[in-house]
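Colleague: Quick one: structure below, then a few questions.
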Amino acid sequence: MGNLMKYNAANLDQLMDRINKSSIGMDDYFDRLFKAQAANYPPYNLVQLSNTESHLEVALAGFKKEEVSVYTEYGKLVIEGKKENKKEEEDLNFLHQGLAQRSFNRSWAIADDTEVRSVTFEDGLLTVILGKIVPEHHARKNWM
């Protein structure tokens, strides 16, 4: 028990160094965990409906369907919005501008057993339905 050491937030870098020295191929997992984005735009809800289904709802007021793209790549769900600033909007004198209509790029890490089942965009709300892939031998089977 002599070489066991307790780690806390103050010496987290030492813990990560020790873990990295004794692991192979785990870099990507640690990067996903510790380098997560802290962005809060655009606002979203993540709703878990059951053990196998979740909904991601992203508020995109002012965006058109053709200005938004949703894709998965390298274990991430990526949502991008590209807003073109129109000349007429630049010339307006806003007394208050509460709607942020700027371009964005948001991503979420998704597990290997999670798939995007559908994506809908209606009335400024983007809904991504996510499902857990349950292998047949793990799925519930009623025998009687």
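Colleague: Just to be sure I understand, how many residues within segment 30-70 are touching a strand residue (DSSP E or B) at 6+ places or on another chain (Cβ under 9 Å), surrounded by 11 or more Cβ atoms within 10 Å (Cβ to Cβ), modelled with pLDDT under 70 and not aliphatic (A, V, I, L, M)?
Modeller: Residues in segment 30-70 being touching a strand residue (DSSP E or B) at 6+ places or on another chain (Cβ under 9 Å), surrounded by 11 or more Cβ atoms within 10 Å (Cβ to Cβ), modelled with pLDDT under 70 and not aliphatic (A, V, I, L, M): 1 in total.
Colleague: Next up: Considering every residue within segment 125-139, establish whether at least one is among the acidic types (D, E), without any contact (Cβ under 8 Å) to a residue 12 or more places away in the chain and part of a loop (DSSP other than H, G, I, E, B).
Modeller: Yes; the residues of segment 125-139 include at least one that is among the acidic types (D, E), without any contact (Cβ under 8 Å) to a residue 12 or more places away in the chain and part of a loop (DSSP other than H, G, I, E, B).
Colleague: So which residues in segment 103-124 are surrounded by 12 or more Cβ atoms within 10 Å (Cβ to Cβ), of a type in the set (A, V, I, L, M, F, W, C) and outside any strand (DSSP E or B)?
Modeller: Hit for segment 103-124 is I110, nothing else.
Colleague: Return the residues of segment 99-110 that are of a type in the set (A, V, I, L, M) and either in contact with a Lys or Arg (Cβ under 8 Å, 6 or more places away or on another chain) or under 11 Å from K76 (Cβ atoms) (or both); say none if nothing qualifies.
Modeller: Correct list: A109, I110.
Colleague: Of (1) at pLDDT below 85; (2) among the hydrophobic types (A, V, I, L, M, F, W, C); (3) touching a Leu at 6+ places or on another chain (Cβ under 8 Å), F94 satisfies all except one. Which?
Modeller: (3) is the only condition that F94 fails.
Colleague: May I ask you to list the residues in segment 95-116 that are under 24 Å from the mean Cα position of the chain (by Cα) and over 18 Å from Y44 (Cα atoms)?
Modeller: A111, D112, D113, T114, E115
The values are calculated or read from the model by the stated rules, or taken from the named source; none is laboratory data. Being a predicted model, the structure only gives us computed values, none of them experimental. Note that we place each Cβ from the backbone using ideal geometry, even for glycine, and neighbour counts take in every protein chain shown.
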